[in-house]
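**Student:** Please find one structure pasted underneath; my questions will follow.
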Amino acid sequence: MGKYWNEEIECMDRESMKKLQSERLAAQVKHVYENVPYYKKLMDEKGVTPDDIKGVDDLHKLPFLTKADLRDAYPYGLLAKPLADCVRIQSTSGTTGRRVVAFYTQHDIDLWEDCCARAITAAGGTKEDVCQVCYGYGLFTGGPGLNGGSHKVGCLTLPMSSGNTERQIQFMRDLGSTILCCTPSYAAYIGETLHEMGLGPDDIKLKAGIFGAEPWTEEMRHEIERLLGIKAYDIYGLTETSGPGVSFECEEQTGMHINEDHFIAEIIDPDTGEVLPEGSKGELVFTSITKEAFPLLRYRTRDICVLSRKKCSCGRTLVKMTKPMGRSDDMLIIKGVNVFPSQIESVLLKMSNATPNYQIVVDRAGNVDTFEIKVELSDDMFTDTIKSVEELERKISSDIQSILGIRAKISLVEPKSIPRSEGKAVRVIDKRKLV
Ligand code: DLL
């Protein structure tokens, strides 16, 4: 097997790709207009009909879709196929209230897994490889997506999920894993644990890793490569557009190729919605042109990045996106989980003896995120017994964990001790310097 999973598509000339995208886009717009009343309404409001969308050059005429639309339409309002034709749902990590539920037909799963197969192949994977998947399995798309891609390529697949790191390393050694798929922070943790066990890269057979789902720096890439003795490849995606595999890195490691036969990418000004020319930094917007059950048109990802069509030495012609350089909303990714400050606020508002004055402090210890929430006590509570303060701390901690699925260190602080700001409150202090 060569270095491409689908050479015809991955190396297609621009003109042919645009033609393919245009045909698929026109058919997709018709499909959603006829099958999703929510979309029909949005398009009618904008005065656009499927006849107006003949190809990629007409894309800008379509309305945007946002996370707020997904919430409004939850759970079935954006389904474009009968439920009986759907075979799977997946969902975003740890978020209640803002949960995104994505639906898949068998055809959608096949396409998604195909995208992941391209990523694995670009990282050097073949049917000779042993692929250890330590992304979470379940509603999160990481485990199922890379698992499916690994099967397609024909690798021996180890569906490990995350956790129990020493056992991960033992399997890795016993079965001779050659490819590792997980979040970059977990990869670094596996690397550190390997060294703590008195072992090093020579004691394992790993050659490549496929890491994504959260921001990571070039420094972190080098650190993981050194700890595990591998080449580390980035992979990007979001639940709304299937999951991982929307874009993937090749051996040049200078950005991720977008699977343009399935997703049309645009960069817009997040404030005005204006489409920006290639090379501009702005918000990434995706239109999925092949998905049947949950085909989002002009979906605003809130991820800020730059697109480039500069020739790539790998031979692929698929447009490249930089690593996301931040977000145009307030979403944080902590320990791989998407966290909105409003979720924390909603927990605090339910407590009569804590105030909604809080500050989230995120940092990195080694390569692991730390997550602390400072909460101001009410005046009454401040003079209360230590026992009742501890009880409040425990209650906040368990409510946060049940909503987010991750633990936060709760620090109850004196009334009025969190600095007040004259403009917007500074709710988040992110010391991780990820971009
Ligand atoms: O994180 C899908 C995924 C799984 C991607 C495994 C890669 C590997 P969500 O939980 O919906 O889906 O989170 C999507 O995560 O909008 C980005 O902000 C962020 N993100 C995903 N990949 C990367 C990456 C999965 N490579 C949100 N670098 C996206 C930086 C990333 N941020």
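**Student:** On full extension of the chain, what length is gained from residue 19 through residue 85, given 0.36 nm per residue of separation minus the C-alpha to C-alpha distance? Don't skip to the answer; put the middle values down first.
**Tutor:** Numbers: separation 66, 0.36 × 66 = 23.76 nm, distance 2.88 nm.
Computed gain between residue 19 and residue 85 is 20.9 nm.
**Student:** Something else now. Measure off 7 Å from each Cα along the Cα-to-Cβ vector at residue 313 and residue 7, then give the distance between these two points in nanometres to one decimal.
**Tutor:** 2.1
**Student:** With Rg and the Kirkwood Rh both taken from Cα atoms, where does Rg over Rh land for the stretch 158-242?
**Tutor:** 0.96
**Student:** Where is the GNM fluctuation largest for the chain (alpha-carbon springs, 10 angstrom cutoff): 109, 235, 410?
**Tutor:** The residue that fluctuates most here is 410.
**Student:** Report, by chain and number, residues whose modeled amide H sits under 5 Å from the one on residue 327, excluding near sequence neighbours (fewer than 5 apart, same chain).
**Tutor:** 304
**Student:** So what's the stretch 1-127 giving for Cα Rg divided by 2.2 N^0.38 Å, two decimals?
**Tutor:** That ratio works out to 1.25.
**Student:** Hey, quick one: spin label on residue 30, modelled 7 Å out along Cα-Cβ, who in the stretch 53-87 has an amide N within reach, i.e. under 20 Å?
**Tutor:** Counting backbone N atoms under 20 Å from the label point, the list is 53-63, 80-82.
**Student:** Under a 1.4 Å probe, what is the accessible area of the stretch 156-266 per residue, stated in Å²?
**Tutor:** Numbers: 3760 Å² over 111 residues.
That works out to 34 Å² per residue.
**Student:** Roughly how many debye, to the nearest 20, is the charge dipole of the stretch 253-391 about its Cα centre, given +1 on each Lys and Arg Cβ, -1 on each Asp and Glu Cβ, and no other charges?
**Tutor:** Charge dipole, the stretch 253-391, about its Cα centre: 1020 debye, nearest 20.
**Student:** Can you give the charge dipole size of the chain about its Cα centre, rounded to the nearest 20 debye, using +1 on the beta carbon of Lys and Arg and -1 on the beta carbon of Asp and Glu?
**Tutor:** 80
**Student:** What does the convex hull of the alpha-carbon atoms of the chain project to on average, in nm²?
**Tutor:** Dividing the Cα hull surface by four gives the mean projection, 22.5 nm².
**Student:** Find the relative contact order for the stretch 52-178 and round it to a whole percent, using C-alpha pairs within less than 8 Å whose residues are 6+ positions apart.
**Tutor:** Result for the stretch 52-178 is 20 percent.
**Student:** If the elastic network links every pair of Cα atoms under 10 Å, which of 141, 370, 385 fluctuates the most in the Gaussian network model of the chain?
**Tutor:** 385
**Student:** Here's another thing I want to ask about it. Largest first and in whole Å, give the semi-axes of the stretch 292-435's equivalent ellipsoid, each being the square root of 5 times a Cα gyration tensor eigenvalue.
**Tutor:** Gyration-tensor ellipsoid for the stretch 292-435: 39, 16, 15 Å.
**Student:** Just want the answer: with Cβ charges of +1 for Lys and Arg and -1 for Asp and Glu, which residue in 208, 135, 171 is farthest toward the dipole's positive end in the stretch 87-215?
**Tutor:** Most positive-ward Cα: 135.
**Student:** Please sort by residue number the GluC sites (Glu not before Pro) in the stretch 311-399 whose DSSP state is loop and whose Cβ has at most 14 other Cβ atoms within 10 Å.
**Tutor:** none
**Student:** Right, something else. Report the equivalent ellipsoid semi-axes for the stretch 234-310 in whole Å, largest first, defined as the square roots of five times the eigenvalues of the gyration tensor built from alpha carbon atoms.
**Tutor:** Working: eigenvalues 65, 63, 20 Å².
The answer is 18, 18, 10 Å, longest axis first.
**Student:** Please identify every one of the trypsin sites (Lys or Arg not before Pro) in the stretch 279-329 that sits in a loop by DSSP and has no more than 12 other beta carbons within 10 Å of its own beta carbon. Intermediate values should be presented prior to the final figure.
**Tutor:** Working: sites: 281, 291, 298, 300, 302, 309, 310, 311, 316, 320, 327; in loops: 291, 298, 309, 310, 311, 316.
Hits after loop and neighbour filter: 309, 310, 311.
**Student:** How many percent of the accessible area of the chain is carbon or sulfur, using a 1.4 Å probe? Spell out each step's value before the answer.
**Tutor:** Values: 9570 of 18700 Å².
C and S fraction of accessible area: 51 percent.
**Student:** Return the distance in nm (one decimal) between the two label points of a simple spin-label model at residue 426 and residue 397, each offset 7 Å from Cα along Cα→Cβ.
**Tutor:** 2.7
**Student:** R0 = 51 Å: FRET efficiency of residue 61 with residue 170, Cβ-based, nearest 0.05?
**Tutor:** E(calc), rounded to 0.05, equals 0.35.
**Student:** Which of 77, 198, 243 ends up with the largest GNM mean-square fluctuation for the chain, with Cα atoms connected below 10 Å?
**Tutor:** It is 198.
**Student:** What accessible area per residue comes out for the stretch 356-435, rounded to a whole number of Å², with a 1.4 Å probe? If you can, show how the numbers build up before the last one.
**Tutor:** Numbers: 4760 Å² over 80 residues.
Roughly 60 Å² per residue, with all protein chains present.
**Student:** The stretch 103-212: Rg/Rh from Cα coordinates, Kirkwood Rh?
**Tutor:** Numbers: Rg = 13.6 Å, Rh = 13.9 Å.
Radius of gyration over Kirkwood radius for the stretch 103-212 works out to 0.98.
**Student:** Separate question: Treating only the Cβ of Lys, Arg, Asp and Glu as charged (+1, +1, -1, -1), what charge dipole size does the stretch 208-289 show about its Cα centre? Round to the nearest 20 debye.
**Tutor:** 340
**Student:** How much length is gained on full extension from residue 274 to residue 45, taking 0.36 nm per residue of separation minus their Cα-Cα distance?
**Tutor:** Using 0.36 nm per residue and subtracting the Cα-Cα distance, I get 80.6 nm.
**Student:** Under 24 Å Cα-Cα from residue 54, which lysines qualify once same-chain neighbours fewer than 8 residues away are excluded?
**Tutor:** 18, 19, 30, 40, 41, 46, 81, 291
**Student:** Can you tell me, using C-alpha contacts under 8 Å and at least 6 residues apart, the relative contact order of the chain as a whole percent? If you can, show how the numbers build up before the last one.
**Tutor:** Numbers: 878 pairs, mean separation 60.8, N = 435.
Computed value for the chain: 14 percent relative contact order.
**Student:** Follow-up. Residue 243's amide H: which non-local residues (gap 5+, or another chain) put their own amide H closer than 5 Å, with H modeled 1.01 Å from N in plane and none for Pro or chain starts?
**Tutor:** Amide H neighbours of residue 243, under 5 Å, 5+ apart: 238.
**Student:** Next question, about the same structure. Show me, for the stretch 295-309, the HN-Hα J-couplings you get by feeding each phi into the Karplus relation (A = 6.51, B = -1.76, C = 1.60, θ = phi - 60°), rounded to Hz, glycine and proline as x.
**Tutor:** x, 7, 9, 6, 7, 7, 7, 6, 7, 9, 7, 10, 9, 9, 10
**Student:** Further, regarding this structure: Please compute the per residue accessible area over the stretch 1-120 with all protein chains in place, 1.4 Å probe, rounded to a whole number of Å².
**Tutor:** Value for the stretch 1-120: 49 Å² per residue.
The values are calculated or read from the model by the stated rules, or taken from the named source; none is laboratory data. Remember, it's a predicted structure, so these values are computed and weren't measured experimentally. No Cβ is skipped: glycine too gets one built from the backbone with ideal geometry, and neighbour counts run over all protein chains shown. Protein only, heavy atoms only, side chains kept; ligands, DNA and RNA dropped before computing areas. Shrake-Rupley method; radii C 1.70, N 1.55, O 1.52, S 1.80 Å.
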